[in-house]
Every structure is written in structure tokens, then in C-alpha cells.
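One structure is given here, and the rest of the page talks about it.
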Amino acid sequence: MENKFKGRSFLTLLDFTKNEITELLSLSIKLKKEKAEHLSDKPLFGKNVVLLFEKDSTRTRCAFEVGAYDLGMQVTYLGPTGSQMGKKESIKDTARVLGRMFDGIEYRGYKQETVEILSQYSKVPVWNGLTDKYHPTQILADFQTVLEYFGHLEGINFAYFGDARNNMGNSLMIGSAIMGLNFKAVAPKSLWPEESLVKKCRILAKESGGTILLTEDPILGSKNADVIYTDVWVSMGEPEAVWEERIKLLLPYQVNKKIMKNAKNSAVFMHCLPAFHNEETAMGKTIYEKYGLSSLEVTEEVFESNQSVVFDEAENRLHTIKAVMYATLGENL
Ligand code: CP
Ligand code: NVA
């Protein structure tokens, strides 16, 4: 059977239908099982991928590298410095060069437009490893984790707390709308997603049976939730100066014991990571010294609780990213 994913890019979740996302998740679950049973036969042996990172990463970079090696591929990593990209060479020219040498390109950086230009001009699959606007591969890992804990996606009450107009807020809303989850963005109005995206998602949700609700009320937002999700309050690329205002705005939306208690007893806590939940990081220490807060978007108590599934999510980054590379580069699935 023809592989319908072959040659396609993954720039936003809007690139795939509900059925296609379901297929990618099934493939990922299969690859996870095969890896546990040491069954991988390196189906993409001889192919080469390049990873472009204009921002830092632990999970995404490692998932692309380990995933590529597991599939039999070679990897080239280009970090924020050391290549000509964007400085002496345009993205369009870079795309045409890399497309001649590599079978696939991963990009993490600032503008969504950059990943679009890479895809348009390289003529090979391009995977979005995070831009300011979207983080689509993360959502596949999140949804695989939800499937593992609840057995289904449709009808899951999914509450996202925090900066609801960042890459995570946008992508979780799109993913929920496509897959039929009941998505709540729980945030102050100034951090709600763009109206045009909300509109688009409401149309998608109508088709899938999901719902989209925006609320400023953390109690209403967490009520009956199956999943309480949060992300950092200041994203990569935002200026340090926004911390003070963001803390003021988002402290009422911190995920703590009270929020978890208001959700269903069976609720899980999720976070794409990295998270500020204690003072064990340089940044965490600075925040503590400046604002007297030892945790920000999630308390240490919730992060370390039995309800927290954040490391399952982190592991699933590997399997889902591997599934995306396999589906878009492989001959047969
Ligand atoms: N969640 C995520 O994308 O993590 P990294 O920034 O470590 O890649
Ligand atoms: N919103 C966060 C996500 C990190 C995975 C950021 O962009 O920094």
C-alpha cells in the first residue's frame, strides 16, 4: 500500500487529519513496543537528516538524534552558531543547499515562516521542532501519553493553565480540536490565543465532537478535568523583562494541590518540560532570590506527585518523533 505520509512536512498539526494523527500515534506505540523488545531493523538505513537548532533543547534534539539512529540514519546537528544560516545565507538558499544533501530537515527556532520557507525550498520533509507559534511534535507525545493513561482521546477534559497564546497553548488547542478533546484554556484574557485561531479550532472541534472554552477562572477551568497541563510562563526568545509582569499575571494560575483536588480524582498532571518547580536550576534560583517564589507554573508537590506523568511524556517524544520521521521518509509503514 502506498505510504500517504511519504515526502510530507510536519509544520503544524493542521498538516494532518484526525485519521492521520491517529495512524501516527499507532505507529509510535508500535515503535515503542518494538524498541522495548529490541526488534528494530533500521528501516531507514543510509538516509541522512540535519537538525537545525536556533534555540536550546534537551528532549527534542535527543529524540530526533536517538530516533534517527534507531531507524538507521546518520545525523548532522547545526546549533545556534557555526553555520551560515540566516547570517550570511538566506533561509531560502540554506534550504536549497540542505535539500541536496539531506533526506529530511528538523528546525527549531523563532519564526513559523522560517520552517515554511525551509519546507517550500528544500523539497524534502521538514519537521517543526518548535517555533514561537507551534510545537506540533510535542502534542503527539502528549496525546500518546493520554492514550496510555486513559485509552482514548475523544471526550477527554483537557485543561491548559498558563500562557495560552504561546506555542504550547496554540498547538494543544489545535490538537484537541482535531482529535475531539474538550479543551479549556485557563488564563488571563491578555494571554488567550488569537481569536482567528480559536475560530478555526471551533470549526474543527465541531467536526470531531470536541469543544473549546476559554476561561479566566482556575476553579471552573480545573473542574472535572482529566488532564491538567501547564508550561513555562516565559518562553524561549522572550525578553527577561517580561518575567515580572508574567509572574503577576500567572501566579493565580499556578498548578498546585488545590487545582489538582478540584480536577477528577483520576486526573493526571502534564507538562512539556523543562519546568520551574524548585530552586535546583540557575534560573529557578534567580527567580527565588528576586521574587521569593520557589516554584512557578507548578509546585514541587504536584510535580513530584503520583498524578504527574511528565517523564512518560518526555519518553514519548522519542517514539512519536521517530514515527514522524519513519512515516515521512519510509517507503512502507
Ligand atoms: N519539551 C521540549 O521541547 O523540550 P526541549 O526544549 O528540551 O526540547
Ligand atoms: N513554551 C516553551 C516550550 C518549551 C518546550 C518555550 O517555547 O520555551
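Computed from the coordinates by the stated procedures, all read-outs in this text should not be read as laboratory data. All values reported here derive from a predicted model rather than from experimental measurement. Glycine also receives a Cβ, built like all others from the backbone with ideal geometry; neighbour counts cover every protein chain displayed.
Please report the Cα spread of region 193-256 along all three principal axes, rounded to whole Å, starting with the longest.
41, 27, 17
Summing -39500 (n - 2.57) over the DSSP H runs of n ≥ 4 in the chain and dividing by its residue number, what mean residue ellipticity at 222 nm do you reach, to the nearest 500 deg cm²/dmol?
-13500 deg cm²/dmol
With charges only on Cβ, +1 for K and R and -1 for D and E, what is the dipole size of the chain about its Cα centre, in debye, rounded to 20?
680
With an 8 Å Cα cut-off and a minimum separation of 6 or more residues, compute the relative contact order for region 138-229 in percent.
Computed over region 138-229, the figure is 34 percent.
Based on other C-beta atoms within 10 Å, arrange Asp226, Asp142 from fewest to most.
Placing the least packed residue first, the sequence is Asp226, Asp142.
Which value, in debye to the nearest 20, gives the size of the charge dipole of region 113-202 about its Cα centre, when Lys and Arg are +1 and Asp and Glu are -1 at the Cβ?
Using Cβ point charges on Lys, Arg, Asp and Glu, region 113-202 gives about 240 debye.
May I ask you to sort Cys62, Cys201 by Cβ crowding, counting other Cβ atoms within 10 Å and putting the fewest first?
The most exposed by this proxy come first: Cys62, Cys201.
Determine ³J(HN,Hα), in whole Hz, for all residues of region 251-263 in sequence, where each value follows from phi through the Karplus function 6.51 cos²θ - 1.76 cosθ + 1.60 and θ = phi - 60°; x replaces Gly and Pro.
Rounded to whole hertz, the list is 4, x, 10, 4, 7, 10, 4, 4, 5, 5, 5, 6, 7.
Once the piece of chain linking Asn265 and Glu300 is laid out straight, how much longer is it, given 0.36 nm per residue of separation minus the C-alpha distance between them?
Net length gain for the segment: 10.7 nm.
Got a sec? How would Glu304, Glu106 order by Cβ neighbour count within 10 Å, fewest to most?
Ranking Glu304, Glu106 by Cβ neighbours within 10 Å, fewest first, gives Glu304, Glu106.
Can you list which of the trypsin sites (Lys or Arg not before Pro) found in region 76-184 are DSSP loop residues with at most 11 other C-beta atoms within 10 Å?
Lys87, Lys88
Can you compute the modelled spin-label distance between Thr281 and Ile219, with each label point 7 Å from Cα toward Cβ, in nm?
About 3.2 nm separates the two model spin labels.
List the longest stretch of the chain that has no exposed loop site; here a site is one of the chymotrypsin sites (Phe, Trp or Tyr not before Pro) assigned by DSSP to anything other than H, G, I, E or B, with at most 16 other Cβ within 10 Å.
With chymotrypsin sites (Phe, Trp or Tyr not before Pro) excluded where exposed in loops, the chain gives 111-333 as its longest stretch.
If you line up the long axis of helix 18-36 against the longest principal axis of the chain, both from Cα atoms, how many degrees apart are they, to the nearest 10?
The two axes meet at around 80 degrees.
Calculate, axis by axis, the spread of Cα positions in region 168-212 along the three principal axes, and write the results as whole Å, longest axis first.
Here the Cα extents, ordered largest to smallest, are 28, 16, 14 Å.
Can you compute the charge dipole magnitude of region 134-276 about its Cα centre, using +1 on each Lys and Arg Cβ and -1 on each Asp and Glu Cβ, nothing else charged? Give it in debye, rounded to the nearest 20.
It comes to approximately 460 debye.
Once Rh for region 61-191 is found with the Kirkwood sum over Cα pairs, what is the Stokes-Einstein diffusion coefficient at 4 °C and 1.567 mPa s, in µm²/s?
In µm²/s, the coefficient is 78.
Which whole number of Å³ per residue matches the convex hull of the alpha-carbon atoms in region 291-333?
Dividing the Cα hull volume of region 291-333 by its residues yields 88 Å³.
For region 205-298, I need the span (max minus min coordinate) of the C-alpha atoms along each principal axis, in Å, sorted largest to smallest.
44, 27, 22
Over the residues of region 69-144, compute the C-alpha Rg and express it relative to 2.2 N^0.38 Å.
1.13
On full extension of the chain, what length is gained from Lys42 through Glu195, given 0.36 nm per residue of separation minus the C-alpha to C-alpha distance?
50.7 nm
Limiting things to C-alpha atoms, what are the Rg and the maximum Cα-Cα separation (Dmax) for the chain, in angstroms?
Gyration radius and largest Cα-Cα distance of the chain: 19.5, 60 Å.
With the dipole of the chain worked out from charges on the C-beta (+1 for Lys and Arg, -1 for Asp and Glu) around the Cα centre, which of Phe150, Ala327, Val186 lies farthest toward the positive end?
Toward the positive end, the furthest listed residue is Ala327.
If you line up the long axis of helix 91-101 against the longest principal axis of the chain, both from Cα atoms, how many degrees apart are they, to the nearest 10?
Taking the Cα atoms of the chain, the angle to 91-101 is about 50 degrees.
Please work out the Cα center distance from region 138-200 to region 56-98, rounded to the nearest Å.
That distance is 28 Å.
Please compare each pair in Lys55/Lys200; Lys47/Lys322; Lys184/Lys223; Lys189/Lys264; Lys261/Lys290 to a cut-off of 19 Å on the Cα-Cα distance and tell me which ones are over it.
As for pairs spanning more than 19 Å Cα to Cα, those are Lys55/Lys200; Lys189/Lys264; Lys261/Lys290.
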